[in-house]
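Encoded as structure tokens, the structure appears first; notes follow it.
The values are calculated or read from the model by the stated rules, or taken from the named source; none is laboratory data. Because the structure is predicted, anything quoted here is derived from the model rather than measured. Reconstructed Cβ throughout: ideal geometry from the backbone, glycine too, with neighbour counts over all protein chains shown. Ligands, DNA and RNA are excluded from the accessible area calculation, which covers all protein heavy atoms including side chains. Shrake-Rupley method; radii C 1.70, N 1.55, O 1.52, S 1.80 Å.
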Amino acid sequence: MEARHEPESLSPPQITAMRRSMTSGRMALTRRSLLRAGGAGAIAVGGLGTLGGCGIPPAGRTEADNASDDHSAEEKRIAFSNWTEYMDVGKGGRHPTLDAFQRRTGIKVKYTEDINDNVEFFGKIKPQLAAGQDTGRDLICVTDWLAARMIRLGWMQPLDPAQLPHAYTNLAKPFRAPDWDPGRAHSYPWTGIPAVIAYNKKATGGRKVTSVSQLLEDPKLKGRVGLLTEMRDTVGLTLLDMGKKPEKVTADDYDAAIARLQKASDRGQVRRFTGNDYTGDLTKGDIAACMAWAGDLIQLQSDNPEIEFAIPDAGYMTATDNLLIPNKARHKRNAERLIDYFYEPKVAAKIAAYINYVCPVDGVREELTKIDKALADNPLILPDEEMAAKSHSFRSLSSTEEAAFEDKFAKLTGA
């Protein structure tokens with residue numbers, strides 16, 4: 001695949017959106033480590049200083065040019081970079097699933113939780129990738145927009161389907177065909193991250209809130225509605241409520257959704273646009289209803305029985321974090337074995353029970369039931385067919401589109 005050229009820097013709106021996401025959005029606070037800390041904690045934003053210079057080398061590279069010499073056979077090891085608290089943890093801080101993989105295969109896993117946010121991590125590995133050098137990592141986990149960008153640049157290796165029998169067979173249908181990686185040629189999802197509706201029953205007087213129309217137009221909710229600072233989630237949910245598909249959004253569709261959101265904001269319907277800090281206001285009832293991320297809700301419901309969630313009939317938005325193998329990785333075959341291992345239902349169940357995000361692995365329900373039936377029955381972790389059919393993803397945007405869309409969203413939110 002020929003690497004495509006892109007603008008040599010991100011636009012101010014794009015950088016503003018990423019800074020917003022890192023400090024108060026999904027990138028910053030949906031990880032279990034920060035939820036467990038009550039939402040406290042600072043995310044480093046040093047990566048933004050260099051992100052503006054995330055230029056593309058003058059000469060495009062191809063995947064063939066960057067294919068690595070695989071040393072898996074003689075070097076029984078793998079280096080895996082992931083987010084914090086994104087792996088099951090046992091006694092002594094060990095990771096039981098990784099320990100079991102090492103015992104079974106003899107492959108030693110150097111597991112590092114060195115991804116604090118996508119932007120900072122991209123700034124960390126970009127110089128080596130751009131230069132066609134080994135990043136020192138055989139497997140990484142990043143969110144779909146960054147995965148799309150790096151695949152588009154030709155910096156990620158294509159996967160060998162013959163080495164991924166469990167992954168190929170057990171990948172759940174909703175995750176099989178992202179437009180940014182057709183056929184999952186370069187990636188497999190680690191988790192899904194749904195954006196749905198949440199409400200505080202006490203604050204709504206016992207009324208259910210099940211649609212974006214209610215959020216934006218119900219006078220009884222005026223001034224007590226929260227919308228998300230993540231553009232794709234807020235605009236995506238609004239588009240769905242308007243009968244539009246985020247997977248096929250046009251510039252006119254986008255402008256219509258922004259106009260609808262602006263009207264609600266001008267009318268005083270919206271209390272504020274929030275990152276994960278909506279959790280405190282929702283718990284107290286200052287926000288009666290809002291757009292929310294599933295990973296937060298599982299945590300909130302365990303502490304507050306008044307918190308409910310709803311899957312809109314029009315559908316909901318899903319993003320993904322994804323496993324990829326960088327160019328020049330020394331242990332591609334070992335990395336593929338680890339990816340495939342994560343798609344064994346018993347293994348996937350152990351990870352899902354710990355991290356509480358949507359599991360992308362079919363056949364995991366029976367195994368998760370053995371661990372915790374309540375989690376197995378929770379559609380925010382294992383969506384049933386009806387819920388899965390309502391899942392939508394925002395289509396991939398060109399750099400020009402993303403800059404224009406983020407600029408309009410920034411004006412709406414006052415960012």
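LEU171 meets each of the listed conditions (1) open to solvent by less than 10 Å² (accessible area, probe 1.4 Å); (2) more than 22 Å from VAL361 (Cα to Cα) apart from (2). Among the residues making up region 217-247, those that are under 22 Å from ALA177 (Cβ atoms), among the basic types (Lys, Arg) and modelled with pLDDT of 95 or more are LYS244, LYS245. When region 269-302 is filtered for residues that are open to solvent by 40 Å² or more (accessible area, probe 1.4 Å), modelled with pLDDT under 90 and in contact with a helix residue (DSSP H, G or I) (Cβ under 8 Å, 6 or more places away or on another chain), the ones remaining, listed by number, are ASP277, GLN299. The residues of region 377-397 that are buried (at least 17 other Cβ atoms within 10 Å of the Cβ) and without any contact (Cβ under 8 Å) to a residue 24 or more places away in the chain amount to a single one, LEU397. With respect to (1) surrounded by 20 or more Cβ atoms within 10 Å (Cβ to Cβ); (2) out of contact with any Ser or Thr (no Cβ under 6 Å at 6 or more places or on another chain); (3) closer than 30 Å to ASP384 by Cβ, the lone exception for LEU129 is condition (3). Among the numbered conditions (1) assigned by the TED database to the domain that holds LYS263; (2) outside any helix (DSSP H, G or I), the only one that ALA403 does not meet is (2).
Identify all residues within region 104-125 that are part of a helix (DSSP H, G or I) and modelled with pLDDT under 95; write none if there are none. Before the answer, list the steps.
First pass over region 104-125, keeping only residues part of a helix (DSSP H, G or I): 104-105, 118-125.
Of everything in region 104-125, those that are part of a helix (DSSP H, G or I) and modelled with pLDDT under 95 turn out to be ASN118, VAL119, GLU120, PHE121, PHE122, GLY123, LYS124.
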